[in-house]
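**Q** Starting off with a structure, shown below.
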Amino acid sequence: MAEVEPSDLVALLAEPKSDEFRVKEREKLRATISKEKVEEIYKQVLELIPENIDNNLKNGINSALIGAIYGFCDRDLDPFSQKHYPLFKEIISEIEEAYKIVSHGNLNTELWIFETFDYGIKKVYYLDWKLYLSQICY
């Protein structure tokens, strides 16, 4: 499993593709995980979001963090574990990095929110792979 990087997000934003499968998977994930649980965790990571930043960047960071929280819940991982919590800061940094590249053109805000949400999920899935599943396989 390859680690997801900011350049992956930039590439997805540069060449948007209709992906009904990802839309359906996202809906299924949101339907199976308690919104209240996600909101409770989100309130605890809000402090990590930089202040006085561009609205589109802030929305992208929020979307990525919420995606990560859904990913943690889906994988039944504690987002506040010492091994897991640093991922939130990493996601914020990487969203900022990608935003510096994509913000110079016409940013499709709907696509930006969709892809950053997915990015957060992918980061957690990769973390799960790296820390736990890869060890089981090998």
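**Q** Considering only region 46-87, state which residues are in a loop (DSSP other than H, G, I, E, B), closer than 23 Å to L111 by Cα and in contact with a Leu (Cβ under 8 Å, 6 or more places away or on another chain).
**A** I49
**Q** Could you say which residue among E97, E90, E36 is within 19 Å of K130 (Cα to Cα), part of a helix (DSSP H, G or I) and either hydroxyl-bearing (S, T, Y) or at pLDDT 95 or above (or both)?
**A** Checking each option against the conditions leaves just E90.
**Q** Consider E115 carefully, then state whether it is part of a helix (DSSP H, G or I) and either among the acidic types (D, E) or surrounded by fewer than 16 Cβ atoms within 10 Å (Cβ to Cβ) (or both).
**A** Yes: the conditions hold for E115.
**Q** Continuing with the same structure: Could you say which residue among N106, N62 is of a type in the set (S, T, N, Q) and loosely packed, with under 11 Cβ neighbours inside 10 Å?
**A** N106
**Q** Looking at (1) in contact with a Lys or Arg (Cβ under 9 Å, 6 or more places away or on another chain); (2) in contact (Cβ under 8 Å) with a residue 60 or more places away in the chain; (3) surrounded by fewer than 17 Cβ atoms within 10 Å (Cβ to Cβ), which is the one condition that is false for P50?
**A** Result: P50 fails condition (2) only.
**Q** How many residues does region 20-33 hold that are of a type outside the set (D, E, K, R), part of a helix (DSSP H, G or I) and surrounded by 13 or more Cβ atoms within 10 Å (Cβ to Cβ)?
**A** Final tally of qualifying residues: 1.
**Q** For the list (1) part of a helix (DSSP H, G or I); (2) more than 23 Å from K130 (Cα to Cα); (3) touching a residue at least 12 places away in the same chain (Cβ under 8 Å), I need the number of the one condition that K43 fails.
**A** Condition (3) is where K43 drops out.
The values are calculated or read from the model by the stated rules, or taken from the named source; none is laboratory data. Source: prediction; values computed, not measured. Ideal geometry is used to build each Cβ from the backbone, glycine not excepted, and the neighbour counts take in all protein chains shown.
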